[in-house]
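Step one of this worksheet: look at the structure below.
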Amino acid sequence: MKQFCYHSPLGLIRLVSDQQKLQQLTFINAEFPSQKDEIIARTIEYLDCYFSHNPLPALPPYEQKCSAFAREVYQSAAEIPYGEVRSYGEIAAEIALKREIRRMSAQAVGQALKKNQLMIIIPCHRVIGTDGELVGFAGGIEVKKALLRHEGFSVKS
């Protein structure tokens with residue numbers, strides 16, 4: 001495993017790679033010794049483009065060990081376009097429709113996203129409460145607001 005400390009405009013981000021796929025991209029509070037590999041280099045390129053508003057290159061290969069349900073939630077979140085948001089309820093309804101069941105819990109969606117270890121790559125910051133409230137971001141609500149503002153989404157202070 002290789003890990004790298006990326007200095008973003010919003011703070012430090014830990015990048016972890018198994019040299020085949022990106023395993024983690026999370027906001028952190030302290031620096032640590034860094035090592036790069038090809039996957040981390042591709043992730044740095046992606047983040048540099050993201051934070052400078054340049055066209056985004058292809059995502060680096062990534063993998064997150066999680067349940068089948070969490071994988072469905074992450075796939076739905078990954079499909080939210082840059083600068084747009086969806087509610088936990090909308091994602092729950094989408095998954096319920098795919099599974100051909102009557103309803104799915106928005107709280108279950110929130111619990112799955114709470115464990116997302118690939119922030120920005122799987123853009124859980126684009127998922128908001130049904131009432132439009134900015135809730136539930138492991139990187140902190142201020143970082144969530146900053147990411148949404150960065151993408152041009154109007155956020156209340």
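From least to most packed, judged by other beta carbons within 10 angstrom and beginning with the fewest, 105, 17 follow the order 105, 17. Comparing 14, 126, 103 in a Gaussian network model of the chain (Cα springs below 10 Å), the most mobile by mean-square fluctuation is 103. Counting neighbouring Cβ atoms within 10 Å and putting the fewest first, the residues 37, 131, 18 line up as 131, 18, 37. A helix-only calculation puts the chain at -11000 deg cm²/dmol for mean residue ellipticity at 222 nm, using -39500 (n - 2.57) for each DSSP H run of at least four residues, averaged over all residues.
When a/c is below 1.5 the answer is rounded, else prolate if a/b is larger than b/c, else oblate, so apply that to region 68-150 with a ≥ b ≥ c taken from the square roots of the Cα gyration tensor eigenvalues.
The shape class here is prolate.
Labels on offer are (i) 9.2; (ii) 14.2; (iii) 8.1, and the one holding mean projected area of the Cα convex hull in nm² computed from this structure is (i). The modelled label-to-label distance for the pair residue 65/residue 111, using points 7 Å beyond Cα in the direction of Cβ, is 2.1 nm.
Taking 27, 69, 137 as the candidate residues, the one with maximal mean-square fluctuation in a Gaussian network model of the chain, Cα springs under 10 Å, is 69. Once the C-beta distance of residue 1 and residue 133 is scaled by a Förster radius of 22 Å, the resulting FRET efficiency is 0.05 to the nearest 0.05.
For residue 142 and residue 97, the difference between the fully extended length at 0.36 nm per residue and the C-alpha to C-alpha distance is 12.9 nm. Going by a ≥ b ≥ c, the root eigenvalues of the Cα gyration tensor, does region 2-51 fall in the rounded group (a/c under 1.5), the prolate group (a/b larger than b/c) or the oblate group? Because a/c hits 1.5 or more and a/b fails to exceed b/c, region 2-51 counts as oblate. For the options 86, 99, 42, a Gaussian network treatment of the chain with springs between C-alpha atoms closer than 10 Å singles out 99 as fluctuating the most. The C-alpha atoms of the chain define a longest principal axis, and helix 68-78 lies at about 80 degrees to it. Among the GluC sites (Glu not before Pro) in region 64-131, those placed in a DSSP loop whose Cβ has at most 14 other Cβ atoms within 10 Å are 79, 84, 100.
Rule-based calculations on the coordinates, nothing more; no lab input. Worth saying up front: this structure is predicted, and the values here are computed from it rather than measured. Here the Cβ is made from the backbone with ideal geometry for all residues, glycine too, and neighbour counts use every protein chain on show.
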